[in-house]
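Peer 1: Dropping a structure here in structure tokens format, bear with me for questions.
The values are calculated or read from the model by the stated rules, or taken from the named source; none is laboratory data. In this text the structure is predicted, and so the values were computed from the model without any measurement. Backbone-built Cβ (ideal geometry, glycine too); neighbour counts: all protein chains shown.
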Amino acid sequence: MIGRAYAFAERRILAFETMRRGRRHAASAAAGPVVISRLSELPPLAEGVEAVSFDVFDTLIHRGLAHEAILRKTAGFARLIAGRAAGEGAWSARHDFARAAKARMLAEGRGDEPALGALFEAALEAAGIDGAGALAARLVAFEASVEAESMEVDGQAAETLAALAAAGKRLVAVSDMYLPEAAVSALLERAGLRGRFERVFVSSEAGWTKKGGRLFPLVAASLGLPPERILHVGDRMEADVAPAQAAGMRAAHLLDRPRLAAREAARLAESWVPAPETRRARLREAHGFAAERSLGSPEALVDELFGPAVGLLALRALTHARRSGARRLFHLSRDATIAGEIAAAAASAHSWLADPPEITELAVSRAQGALLTLGRAEDMARLAHLLPYLTGQPPSAAAFRAAFGLDGALPGALERAEGEAFVAGIEGEAGALAALLAPARARLLKHLEGAGLFGEGGAVAIDIGYSGTFAAQLSALFMAEPERARRIDFLFLLTSRHVDMNLRRLHPALRLLPGVALDHRRRAGRFAGRNFAWAEPFLADPARGRLTGYDEAGAPLFAPPMLDEGAAAARRALRERLRARALRFIAEFPGGPGDAEELSALLQRRIARFAARPTGAEERALRALAHETGQATVTAQAPTRLVNPFRIASELEALRLEDRWIGGSLRRSGLGLLALILSDAPERDGRADPRAPWD
């Protein structure tokens, strides 16, 4: 509470103080001999000259972010895709390495503006980063994209350029800029201004800056004009007006004091090192998270929880694949299809996510994956014990057929046996049952082979979560057939305590990483639920029912969805909203070093609270959505129920084993204060968990 009060006061002091200093800075700014406050005042000043050169940034194009904020975002992105050392290298490239490179160039007479790509490459090599050249190119592309997304075109730029062109003036753009000329031209193209310019001069490629006094003579020589026949306009006295006049050109000083005050205030705000709670508040505001509150509609749950969470999972998968050198990214269907679609759309939309792994669907289920464990006939007995877990039914011939999509009667007396008698009878018919399941297992393997699961190189698999059952099933196959083994990292949106049990059963080539949005290792997530039926309506593909098997070519076969048209339409609309929200989250995500961990921790706290301590409005919002998995049983019961206090231990265990919303059940149990104790207390809103899996 004290921290939040301090952050509240700090944010207001910060806003007031930076605005005050910004206005003072603007009021004291020196003016050039010829001053204009708007670009529309420029054409009359161009009488008697043949060419007009324009500064680009803060003259034709205004930055929406402070320069230091852009540098911080680039360093944060480097850390996100290549680790802490890369982030520190990218930051030092813009500071220590830039100063050293500039001093070296001046001493050798080669110029005073190093290229950004060369700075990044040198700093990353010094940090010991493999593939420094390729990563440097990605950082340059990322920074150009940040500039493009944050820029605002001056409202009078197009009209002023048109008027000068109509008067027969030659127009060029001249920028002191660390990005390459192609990037600056692309920004002007995006602004709709590039076609007006005969040429774009950029200091990073010329090697010399305007501020250093050597770029303007190069501009005049290139145009073939005497300097006095050129008018330069720019916003900075020291980089535009003074050096242009020193080179013999005429100069006009664009001095918009209100805009200068706002720009200086933004710079000061960015240089302020805020308290942790202030930083988190900034992140919440930047990414559209409202203050913690009850989310009483499916749309609010998508906007505040599931959209950002799935966006984070997709981004984590793409960056993890990049850092681990994975060639393929698998998304497990039906639940994780939406995450795979979002990852593909994000990689296509953002140049900084270029060169993604091949994104492929794996259609698997608990039951179909269990076929991978049948390396020997004696494995059949273990499979029979899994039937209640796979189907929710006691062991029987009907449950066996339902689990594996079989037709016809089972051999021997198994057709009439149930429960333990069915399990006991498996031993005598193990060979016959294994032969009966062999075609289904062969079709499953054909599907996995066709998807490239057994190819060379590393891979990443993403799923909504739970406990890593498929990884454990795949591990049994790798143990039995080592030639199929391949390094695969499993990423989950949500993980439960049972993931630790599966971790002990894994082949060395397989690795389970903790949940991105709900981590079973964190105290708040420990008792949030054993399964996550509450997540299914938001994530599972409403166009597909249960996976029933595969055809002869290995293509997956799905049952029709168990949703009426109205429920299906509502789920489709919710899915599109989730996709749009997740993609917006990814577009806004790259920030400074540590922002990834902070946002991950913020989402984990929110989802853990929702799962373990839902409000009444949240329960009603969830019950309003149709469930596809276990539709016959889930719709017959509310996700909560009253607990008999005289059988408290067995009742709680039953709740945990059933497909129910555990925290909601406790809230509605009638147990009062005891329910709060059992549902676990909220985790303190501390700094990001150092175990967050981003490094």
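Peer 1: Output the helices (runs of 4 or more DSSP H) that fall wholly within the range 74-157 and possess 3 or more residues being under 29 Å from the mean Cα position of the chain (by Cα), or say none. Please lay out each step first, then the result.
Peer 2: Working: elements: 84-93, 96-108, 116-126, 132-150.
Answer list for the range 74-157: 84-93, 116-126, 132-150.
Peer 1: Next question, about the same structure. Please indicate, with yes or no, whether at least one residue in the range 227-246 is within 38 Å of the chain's Cα centre (by Cα), more than 27 Å from residue 103 (Cβ to Cβ) and in a helix (DSSP H, G or I).
Peer 2: no
Peer 1: Right, something else. Out of all the residues in the range 352-396, which are farther than 21 Å from residue 326 by Cα, of a type in the set (D, E, K, R) and not in a helix (DSSP H, G or I)?
Peer 2: Matches in the range 352-396: 376, 378.
Peer 1: Looking at (1) at pLDDT 80 or above; (2) buried (at least 19 other Cβ atoms within 10 Å of the Cβ); (3) acidic (Asp, Glu), which is the only condition residue 628 fails?
Peer 2: Only one criterion in (1) at pLDDT 80 or above; (2) buried (at least 19 other Cβ atoms within 10 Å of the Cβ); (3) acidic (Asp, Glu) is unmet by residue 628, namely (1).
Peer 1: When only residues in the range 101-125 that are touching a residue at least 60 places away in the same chain (Cβ under 8 Å) and closer than 18 Å to residue 351 by Cα count, which is surrounded by the fewest Cβ atoms within 10 Å (Cβ to Cβ)? If you could, list the steps in order and put the result at the bottom.
Peer 2: Our first condition is that a residue be touching a residue at least 60 places away in the same chain (Cβ under 8 Å); within the range 101-125, this holds for 105, 110-117.
Narrowing the set further to residues that are closer than 18 Å to residue 351 by Cα leaves 116-117.
Details: 116: 23, 117: 19.
Filtering the range 101-125 for residues that are touching a residue at least 60 places away in the same chain (Cβ under 8 Å) and closer than 18 Å to residue 351 by Cα, the one surrounded by the fewest Cβ atoms within 10 Å (Cβ to Cβ) comes out as 117.
Peer 1: May I pose another question? Being under 14 Å from residue 246 (Cβ atoms) and crowded, with 17+ Cβ neighbours inside 10 Å is the filter here, so list the residues in the range 200-217 that pass it.
Peer 2: Kept after step one, since they are under 14 Å from residue 246 (Cβ atoms), are these residues of the range 200-217: 208-217.
Within the range 200-217, 208, 209, 210, 211, 212, 214, 215, 216 meet the criteria.
Peer 1: Restricting to the range 480-520, name every residue that is among the charged types (D, E, K, R), in contact (Cβ under 8 Å) with a residue 12 or more places away in the chain and under 20 Å from residue 328 (Cα atoms). Working first, answer last.
Peer 2: Residues of the range 480-520 that are among the charged types (D, E, K, R), as a first pass: 481, 483-484, 486-487, 489, 497, 500, 504-505, 511, 519.
Filter again for in contact (Cβ under 8 Å) with a residue 12 or more places away in the chain, leaving 481, 484, 486-487, 489, 497, 500, 505, 511, 519.
Matches in the range 480-520: 484, 486, 487, 489, 511.
Yes or no, residue by residue, for (1) among the aliphatic types (A, V, I, L, M); (2) assigned to a strand (DSSP E or B):
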residue: 444; (1), (2): yes, no
residue: 455; (1), (2): no, no
residue: 461; (1), (2): yes, yes
residue: 472; (1), (2): yes, no
residue: 475; (1), (2): no, no
residue: 483; (1), (2): no, no
residue: 490; (1), (2): no, yes
residue: 501; (1), (2): yes, no
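Peer 1: Return the residues of the range 365-396 that are over 27 Å from residue 337 (Cβ atoms), crowded, with 18+ Cβ neighbours inside 10 Å and either modelled with pLDDT of 80 or more or among the polar types (S, T, N, Q) (or both); say none if nothing qualifies.
Peer 2: 395, 396
Peer 1: Which one of the conditions (1) within 23 Å of residue 145 (Cβ to Cβ); (2) of a type in the set (S, T, N, Q); (3) in contact with a strand residue (DSSP E or B) (Cβ under 6 Å, 6 or more places away or on another chain) does residue 333 fail to meet, given that it meets all the rest?
Peer 2: Only one criterion is unmet by residue 333, namely (1).
Peer 1: Which of the residues spanning the range 126-137 are surrounded by 16 or more Cβ atoms within 10 Å (Cβ to Cβ) and either without any contact (Cβ under 8 Å) to a residue 24 or more places away in the chain or in contact with a Phe, Trp or Tyr (Cβ under 6 Å, 6 or more places away or on another chain) (or both)?
Peer 2: Within the range 126-137, the subset surrounded by 16 or more Cβ atoms within 10 Å (Cβ to Cβ) is 127, 129, 132, 135-136.
Across the range 126-137, the qualifying residues are 132, 136.
Peer 1: In addition: Given the options 148, 162, 191, 173, name the one that is in contact with a strand residue (DSSP E or B) (Cβ under 6 Å, 6 or more places away or on another chain), in contact (Cβ under 8 Å) with a residue 12 or more places away in the chain, surrounded by fewer than 21 Cβ atoms within 10 Å (Cβ to Cβ) and of a type outside the set (S, T, N, Q).
Peer 2: Numbers: 148 fails: in contact with a strand residue (DSSP E or B) (Cβ under 6 Å, 6 or more places away or on another chain); 162 fails: in contact with a strand residue (DSSP E or B) (Cβ under 6 Å, 6 or more places away or on another chain); 173 fails: surrounded by fewer than 21 Cβ atoms within 10 Å (Cβ to Cβ).
The match here is 191.
Peer 1: Could you grab me the full set of residues in the range 249-300 that are touching a helix residue (DSSP H, G or I) at 6+ places or on another chain (Cβ under 8 Å), assigned to a loop (DSSP other than H, G, I, E, B), surrounded by fewer than 20 Cβ atoms within 10 Å (Cβ to Cβ) and not aromatic (Phe, Trp, Tyr)?
Peer 2: 274, 275, 287, 288, 290, 291, 292, 294, 296, 297
Peer 1: On the given criteria, is residue 312 surrounded by 20 or more Cβ atoms within 10 Å (Cβ to Cβ), in the same structural domain as residue 431 (by TED's automatic domain parsing) and closer than 22 Å to residue 533 by Cα?
Peer 2: Values: surrounded by 20 or more Cβ atoms within 10 Å (Cβ to Cβ): yes; in the same structural domain as residue 431 (by TED's automatic domain parsing): no; closer than 22 Å to residue 533 by Cα: yes.
Spelling it out, it is not the case that residue 312 is surrounded by 20 or more Cβ atoms within 10 Å (Cβ to Cβ), in the same structural domain as residue 431 (by TED's automatic domain parsing) and closer than 22 Å to residue 533 by Cα.
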